[in-house]
Amino acid sequence: MRASQLFFPTLREVPAEAEMISHKLLLRAGFIRRVGAGIYDYLPLGYKVLKKIEKIAREEMDAQGGQELLMPAIVPAELYQETGRWGLDVLFRLKDRNDRDYSIGFTHEEVVTDIVRRDVRSYRELPLNLYQIQTKGRDEPRPRGGVVRGREFIMLDSYTFDRNWEDLDRAYDKMYVAFSRTFARCGLDTLVVEADSGAIGGKDSQEYMVIADSGEDMILVCGSCGYAANSEKCEIGERPIKKSEEELQSLELVDTPGARTIEQVTSFLKKSPKKLVKTLIYKAGDEVVAALVRGDREINEPKLMRALGVKNIEMADADTIEKLTGAEVGFAGPVGLNGARIIADREVEAMMNFVVGANKTDAHYINANIGRDLEISEYADLRVASKGDACPKCNRDLGVERGMEVGHIFKLGDIYSEGMDAKFLDDDGREKPFLMGCYGMGVSRMLAAIPEVNSDKDGMIWPVSVAPFEVVVILLNSDDDAQCSAAIRLYEELQQAGVDVLLDERDERPGVKFKDADLIGCPIQVVAGRLAGEGKVEVRTRTEKDKQEVDIDNATSRVLELRSGLYSILSDRAAMVSSIGKVD
RNA sequence: CGGGGCGUAGCGCAGCUUGGUUAGCGCGCCAGUUUUGGGAACUGGAGGCCGAGAGUUCAAAUCUCUCCGCCCCGACCA
């Protein structure tokens, strides 16, 4: 490709819309443009990267027995209604001229399950692994980071169907390998973390995280045993309760006018939030629950649900709270609380002389103590794990990282197949629901994740496997015959050798070409400049700016050598991650 | 949905508090000349419904109201 023919509108200034590094660079380098909130054009360079990512993903999926298909982007309402997901508010809904309901597909469990239930009857047709790469639509409450969280995005979603759990485990492990290798080949270091399976439901679930400060997810990582989990999921190891040595002080009712939040109470009473106990009132079906966590902690609702043994909970409404506590919202506490099941985070057990709501508007108790002023019959792990908490595996301290989720794999089991009556006949003559797995990879998000962790002040630095071009040949002065013929010769030789190469022969000053080349981030740069008169060009990599002067005759082979070196680093990494196997 | 901010040329911004002639600056764009190893210099140009609507006023980019859009924080997030 010749740069004079290529549409890549680069910007010198940073558009005001961007906050994240990758977002700024993708805009500046002319890879993407915003069309609406969370909706983007992929311009030629960005689209090229996307296609390269997709190609790698397809190779790895196919290698593990996946079969690509393409399901509709528009999904009739009935399918989502079958599993009760039609009500989700992330759905983009639309109607046809006859007033029938549809939505833009946001994930395709129902659609693929429908395919399989219609045409797969026997265990002999299993296992089955179907995947697609498709544009999804989700009406995200808050799109951000450009293509990191868009309302329209490209995803690879794969679904496996098996006859039993052992086979599902095998299918899952294959997808684990396919995903790990895909990320490695795209030059992304990922950390696999235990995850909550969320609204989709299911059993095991892991996420592939790219560690980045700008990541949206909090991850807890154990430095000693390697356990890693999303904060939504992370369990907290049990440590012996250490009551402090302080003396019991007497319970006291104090006025705290208007102080409803932890912040207000702490600043009013001049006490650390660690001396407070938050009382959160939930409704679990007909039962009202008071969940207690230390003032500076956050409740983890999935954990609360598990501890209570229920499928669903919701924060109680103001009416319920007032009826229960006899006070306005913001003053609930466990002292003298009747009519609610009280459950506390384990950490609360060690607390003494703490502050709680008094179940009286504008009042709190100080110096409350368990046993004397209130009884707690149930303790459980209820809070969101944070830095310094005990690792659930080895009990050492957990550390915290931020991560960008680029992949998520689940063992769904029979949730969808049972719900949609998708069954096959097993060899024992019995009809059984398929055991399913689902696996999602954020392809368009990777377009951002890669430069998010690979850039410098001059621009992006693409891994050779997904770079918009593997090599850019910069012709500095197109009026100079020697430079011109050197550049064109190398461009043609590299093309002949199968290299994806860009020739920058634009009528621009050298500075512009250097800046654009760095911004776009092709891993190998060849410069045809002054030295062309002496039969030499410069060859250098995007990362190490030190140039090598090479005879024109040898330049192509030098570039090929560099290129294959870059590829072998990536394939070594891929080999490594696939041999490590599954983290459990 | 709650809190905050922003909408003025393709991009980045000033002007708005205190209304007043022709709405400005930098970058980019077009033409010409000179330049040519890290976003050139000079000269000359093109380009605006000041987000939309309503109101106040002799007069609105500027004041008031309504709406729309976008960004950030939070809530939410397969």
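The values are calculated or read from the model by the stated rules, or taken from the named source; none is laboratory data. These numbers come from a predicted model, not from an experiment. Because the Cβ atoms are built from the backbone with ideal geometry, glycine has one as well, and the counts that use them run over all protein chains shown.
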### Query
Can you name every residue in the range A:450-509 that is over 30 Å from A:Asp189 (Cα atoms) and of a type in the set (A, V, I, L, M, F, W, C)?
A:Ile474, A:Leu475, A:Leu476, A:Ala482, A:Cys484, A:Ala486, A:Ala487, A:Ile488, A:Leu490, A:Leu503
### Task
Search the range A:17-61 for residues being more than 12 Å from RNA strand B (Cβ to nearest atom) and in a loop (DSSP other than H, G, I, E, B), and hand back the single one that is surrounded by the most Cβ atoms within 10 Å (Cβ to Cβ).
A:Phe31
### Task
Consider only pairs whose beta carbons are under 7 Å apart and that are at least six residues apart or on different chains; among these, list those whose first residue lies in the range A:525-539 and is over 18 Å from A:Ile461 (Cβ atoms) and of a type in the set (Lys, Arg) and whose second residue is at pLDDT 95 or above and near RNA strand B (Cβ under 8 Å from one of its atoms).
none
#### Entry: Residues of the range A:278-332 satisfying the condition of being out of contact with any His (no Cβ under 9 Å at 6 or more places or on another chain) and aromatic (Phe, Trp, Tyr)
A:Tyr282
### Query
Residue check: is A:Val210 surrounded by 20 or more Cβ atoms within 10 Å (Cβ to Cβ) and either in contact with a helix residue (DSSP H, G or I) (Cβ under 6 Å, 6 or more places away or on another chain) or of a type in the set (Lys, Arg) (or both)?
yes
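With assigned to a loop (DSSP other than H, G, I, E, B) and in contact (Cβ under 8 Å) with a residue 12 or more places away in the chain as the only criterion, which of A:Ala290, A:Ala327, A:Ala307, A:Ala344 stands out?
A:Ala327
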### Message
Tell me the residue from A:Asp504, A:Asp480 that is in contact (Cβ under 8 Å) with a residue 12 or more places away in the chain, crowded, with 24+ Cβ neighbours inside 10 Å and either under 19 Å from A:Lys547 (Cα atoms) or of a type outside the set (Val, Ile, Thr) (or both), please.
### Response
A:Asp504
### Query
Identify, please: which residue in the range A:310-324 is assigned to a loop (DSSP other than H, G, I, E, B) and not charged (D, E, K, R) and is, among those, farthest from A:Thr361 (Cα to Cα)?
A:Val310
### Task
Residues that are within 13 Å of RNA strand B (Cβ to nearest atom): find the strands (runs of 3 or more DSSP E) completely inside the range A:382-470 holding 3 or more of those.
A:398-413, A:435-442
### Task
Output the number of the condition that A:Asn300 fails; it satisfies all remaining conditions of (1) more than 30 Å from A:Ile409 (Cβ to Cβ); (2) assigned by TED's automatic domain parsing to the domain that holds A:Asp373.
(1)
## Note on the structure
Selection from the range A:72-110 of residues within 15 Å of RNA strand B (Cβ to nearest atom), surrounded by fewer than 18 Cβ atoms within 10 Å (Cβ to Cβ) and among the aliphatic types (A, V, I, L, M) yields A:Ala73, A:Leu88, A:Val90
### Query
Only one of A:Leu88, A:Leu94, A:Leu70, A:Leu168 is outside any strand (DSSP E or B), at pLDDT below 95 and not basic (Lys, Arg); which?
A:Leu88
### Task
Restrict the check to the range A:462-472 and report whether at least one residue is surrounded by 17 or more Cβ atoms within 10 Å (Cβ to Cβ) and over 30 Å from the mean Cα position of the chain (by Cα).
yes
### Count - residues of the range A:391-442 that are touching a Cys at 6+ places or on another chain (Cβ under 7 Å) and surrounded by 22 or more Cβ atoms within 10 Å (Cβ to Cβ)
4
